[in-house]
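The values are calculated or read from the model by the stated rules, or taken from the named source; none is laboratory data. Just so it is clear, the model here is predicted, and its values are computed rather than measured. Note: ideal-geometry Cβ built from the backbone for every residue, glycine included; neighbour counts use all protein chains shown.
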Amino acid sequence: MEDQALVERSQGGDLAAFEALVEKYRQRVWRLAFNVLRDREEAWDVAQEAFIRAWQALTNFRGQSAFYTWLFRITMNVASDRLRQRGARGRAFGTERIGEEEMERTMPDTELTPDERAARVEQRARIDKALATLPEHHRTIIMLSDLEGLSYREIADVLEIPMGTVMSRLHNARKKLRDVLGPMLALLLALLLGLVPLVLEAQQSVRVGCRVVLASDTPPPAGTTQVPPPTEERVQRVLPRLREMFKFKEYTWLDRHRAAVSIGDTQRWAIPGGRQIEVTPESVVGEAVRMRVKLIRGATTELATNMQIASGYPAVIGGPKHADGVLIIIVWANTRAERQ
């Protein structure tokens with residue numbers, strides 16, 4: 001019912017309702033795309049394209065199936081198109097792109113001993129290799145059934161194949177996995193159903209943060225809570241640029257936040273003016289972080305944008321009114337999560 005209400009509002013042009021659907025399903029859409037392409041960056045691109053196509057075609061959605069099965073079908077079509085394009089490029093240039101997964105880069109589980117953690121990493125590496133041996137259509141059906149929890153009928157709807165074919169294909173896929181993994185097959189299903197998803201656990205973290213500055217022509221009101229500014233060197237680099245961009249006389253450091261955030265997760269911080277800022281790192285491109293940023297006040301989204309931020313080159317957002325001036329929000333990112 002929640003999806004139905006959000007879809008109906010989205011069909012009426014309510015972008016915030018569709019953003020709620022994107023937030024709810026973006027990780028699952030990414031997982032499906034990754035399962036087909038085995039490449040993180042391409043999977044994010046496919047997920048974005050799938051949501052764009054869904055928005056454009058939403059008026060044609062009649063609710064004859066669940067929204068997520070309709071969305072998954074779009075995702076599979078986009079991912080399959082991308083896979084065919086990749087194959088065509090590979091044949092044209094004599095090579096095909098192969099995504100490399102670093103299974104040793106897992107997020108630590110504090111409840112496990114070092115030996116147990118090492119064994120878990122080894123098991124997951126074996127499982128990933130076993131999944132990689134399956135044909136794409138078998139791997140897809142395993143993921144739809146055992147990770148996403150779709151019924152036979154829903155899988156048939158997503159893949160646009162008869163339900164009997166779903167049952168036969170799933171049986172054959174599990175048999176092939178059993179031949180490779182033996183007794184580990186039960187562990188595979190446990191990992192997929194009950195623990196952290198395999199592909200998401202290997203995702204890296206990045207460090208992100210923001211500083212909030214009040215720009216005004218008069219000193220801030222008495223009692224305004226302030227935080228220490230950055231180092232003097234950074235202040236001398238930043239303030240001339242802010243004065244050039246915003247033309248105000250006074251710049252007061254009001255707030256600062258930072259955190260290590262996993263790729264795909266959303267970090268939220270309360271900032272002055274009854275606002276909330278959301279930052280979602282979506283991928284790492286070299287030394288830069290591609291991220292989605294939203295500024296929310298109450299039920300209103302004041303800003304929603306995508307940006308690519310390299311270490312040492314923060315993004316500057318300015319304009320929301322506050323006190324006798326405006327807020328300036330400086331968003332930064334660092335691909336090394338451990339760096340302070």
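Hey, does region 277-285 have a residue that's touching a Cys at 6+ places or on another chain (Cβ under 9 Å), of a type in the set (A, V, I, L, M, F, W, C) and under 27 Å from Asp45 (Cβ atoms)?
Narrowing region 277-285 to residues touching a Cys at 6+ places or on another chain (Cβ under 9 Å): 277, 279.
The next check asks that each one be of a type in the set (A, V, I, L, M, F, W, C); those that pass are 277, 279.
From what is left, the residues that are under 27 Å from Asp45 (Cβ atoms) are 277, 279.
Within region 277-285 (the criterion being touching a Cys at 6+ places or on another chain (Cβ under 9 Å), of a type in the set (A, V, I, L, M, F, W, C) and under 27 Å from Asp45 (Cβ atoms)), the answer is yes, since at least one residue qualifies.
Filter region 18-66 down to residues that are in contact with a strand residue (DSSP E or B) (Cβ under 8 Å, 6 or more places away or on another chain) and of a type in the set (Lys, Arg), then give me how many there are.
Total satisfying the criteria: 1.
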Do you know which of the residues in region 143-165 that are β-branched (Val, Ile, Thr) and out of contact with any Leu (no Cβ under 7 Å at 6 or more places or on another chain) is farthest from Leu71 (Cα to Cα)?
Thr165
Which numbered condition in (1) surrounded by 14 or more Cβ atoms within 10 Å (Cβ to Cβ); (2) at pLDDT below 85 is the only one that Tyr25 fails?
(2)
Could we say that Glu2 is more than 20 Å from the chain's Cα centre (by Cα) and either under 16 Å from Thr140 (Cα atoms) or surrounded by fewer than 19 Cβ atoms within 10 Å (Cβ to Cβ) (or both) here?
yes
Tell me, yes or no, whether region 119-132 has at least one residue that is farther than 30 Å from Met307 by Cα, part of a helix (DSSP H, G or I), modelled with pLDDT of 80 or more and not assigned by TED's automatic domain parsing to the domain that holds Leu254.
no
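One line per residue, one yes/no per condition, for (1) without any contact (Cβ under 8 Å) to a residue 24 or more places away in the chain; (2) of a type in the set (Asp, Glu); (3) farther than 22 Å from Val293 by Cβ:
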position	(1), (2), (3)
Glu8	yes, yes, yes
Glu19	no, yes, no
Val22	no, no, no
Tyr25	no, no, no
Leu32	no, no, yes
Val36	no, no, yes
Asp39	no, yes, yes
Trp44	no, no, no
Phe51	no, no, no
Suppose we filter region 242-252 for residues that are in contact (Cβ under 8 Å) with a residue 40 or more places away in the chain and either in a loop (DSSP other than H, G, I, E, B) or of a type outside the set (Asp, Glu) (or both); how many remain?
5
So if I check each of Thr301, Thr305, Thr335, which one is crowded, with 17+ Cβ neighbours inside 10 Å and among the polar types (S, T, N, Q)?
Thr335
Subset of region 270-282, residues surrounded by 19 or more Cβ atoms within 10 Å (Cβ to Cβ) and in contact (Cβ under 8 Å) with a residue 24 or more places away in the chain, comes to Ile271, Arg275, Ile277, Val279, Pro281, Glu282
Any residue that is aliphatic (A, V, I, L, M), surrounded by fewer than 17 Cβ atoms within 10 Å (Cβ to Cβ), at pLDDT 75 or above and under 26 Å from Ala333 (Cβ atoms) - is there at least one of those in region 188-202?
no
